[in-house]
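J.: After the structure tokens below, expect a handful of questions from me.
The values are calculated or read from the model by the stated rules, or taken from the named source; none is laboratory data. Just so it is clear, the structure is predicted and the values come from calculations on it, not from any experiment. Backbone-built Cβ (ideal geometry, glycine too); neighbour counts: all protein chains shown. For accessibility, only protein heavy atoms count, side chains too; no ligands or nucleic acids. Shrake-Rupley method; radii C 1.70, N 1.55, O 1.52, S 1.80 Å.
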Amino acid sequence: MLTILVANIKGGCGKTTVATHLAAASAAAGLPTVLADVDRQRSSLGWLERRPEKAPALVGLDWAKDFTDTPRGIKRLVIDAPAALKTKQIEDLVKMADVVVLPVLPGAFDEQATQRFLVKLDELKRIAKKKTTVAVVGNRMRARTKAADRLDRFLGGIGHQVVTRLRDSQIYADAAESGLSLFDMPGKRAAEHRGDWQPLLAYIDGV
């Protein structure tokens, strides 16, 4: 089983969007997948409740209080972590993970919080020994804006691999409202945005 932890101590950076899309992409590829929600707000589980029956099936686990066992035969475990994680929580979650996917938004506050989180990650043995890798994702990017240029400069100096940059689009909110992802949606618009995810999916497949 490959375990993907989606985490950042900064709230509102798109962790649930990334986690639900990674889970949906795995399910669409035919891999039995679990989406574990560690956040007390249970946004990922709410998305699962809205998910149509015809969409590729996913198993949801409520990990807000305890880390329960995953069902047998699962190939992918995607963990949606809350913001403001305590050090012990970070350690416990990273121990489970093969890869940490870290979304970051353009903006000074997000960059500052992300830098602090990366410092904490780098102190962990699994990260230092590269048993768990870190994939940084620039999220809600708007081309040719000062914020995007600033984030590119920040990402260029953080010492971790920036795997992809996801464009800002209303399509993500539309998908979330219906319990769907870009990987469940037909049409040219969804297909164009799915292209942003391919480098991340390829990176995860290679872990």
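J.: Which one is surrounded by the most Cβ atoms within 10 Å (Cβ to Cβ), of the residues in segment 1-20 that are at pLDDT 95 or above, β-branched (Val, Ile, Thr) and more than 14 Å from Val134 (Cα to Cα)?
T.: The residue in question is Thr20.
J.: Which of the residues spanning segment 161-199 are aliphatic (A, V, I, L, M), in contact (Cβ under 8 Å) with a residue 60 or more places away in the chain and assigned to a loop (DSSP other than H, G, I, E, B)?
T.: Within segment 161-199, Leu180 is the sole residue that qualifies.
J.: Test Thr164 against the stated conditions and say whether it is at pLDDT below 95, touching a Pro at 6+ places or on another chain (Cβ under 9 Å) and surrounded by 19 or more Cβ atoms within 10 Å (Cβ to Cβ).
T.: Details: at pLDDT below 95: yes; touching a Pro at 6+ places or on another chain (Cβ under 9 Å): yes; surrounded by 19 or more Cβ atoms within 10 Å (Cβ to Cβ): yes.
Yes, satisfied.
J.: Also, I was wondering about something else. Given the structure, is Arg116 in a helix (DSSP H, G or I), open to solvent by 40 Å² or more (accessible area, probe 1.4 Å), in contact (Cβ under 8 Å) with a residue 60 or more places away in the chain and not acidic (Asp, Glu)?
T.: Against the criterion (in a helix (DSSP H, G or I), open to solvent by 40 Å² or more (accessible area, probe 1.4 Å), in contact (Cβ under 8 Å) with a residue 60 or more places away in the chain and not acidic (Asp, Glu)), Arg116 qualifies.
J.: Do you know which residues across segment 181-200 are within 14 Å of Leu22 (Cβ to Cβ) and out of contact with any strand residue (DSSP E or B) (no Cβ under 9 Å at 6 or more places or on another chain)? Write out each step before concluding.
T.: As a first pass, look at segment 181-200 and keep what is within 14 Å of Leu22 (Cβ to Cβ): 181-184, 194, 196-200.
If the condition is that a residue be within 14 Å of Leu22 (Cβ to Cβ) and out of contact with any strand residue (DSSP E or B) (no Cβ under 9 Å at 6 or more places or on another chain), then Ser181, Leu182, Phe183, Asp184, Arg194 are the ones that fit.
J.: Of the residues Ala148, Ala83, Ala135, Ala143, which is among the small types (Gly, Ala, Ser), closer than 27 Å to Arg194 by Cα, open to solvent by 30 Å² or more (accessible area, probe 1.4 Å) and touching a residue at least 40 places away in the same chain (Cβ under 8 Å)?
T.: Values: Ala148 fails: open to solvent by 30 Å² or more (accessible area, probe 1.4 Å); Ala135 fails: open to solvent by 30 Å² or more (accessible area, probe 1.4 Å); Ala143 fails: touching a residue at least 40 places away in the same chain (Cβ under 8 Å).
Step by step, each of Ala148, Ala83, Ala135, Ala143 is checked, and only Ala83 is among the small types (Gly, Ala, Ser), closer than 27 Å to Arg194 by Cα, open to solvent by 30 Å² or more (accessible area, probe 1.4 Å) and touching a residue at least 40 places away in the same chain (Cβ under 8 Å).
J.: If I ask for residues that are more than 16 Å from the chain's Cα centre (by Cα) and either open to solvent by less than 90 Å² (accessible area, probe 1.4 Å) or under 25 Å from Thr133 (Cα atoms) (or both), which ones from segment 38-56 would you list?
T.: Gly46, Arg51, Pro52, Ala55, Pro56
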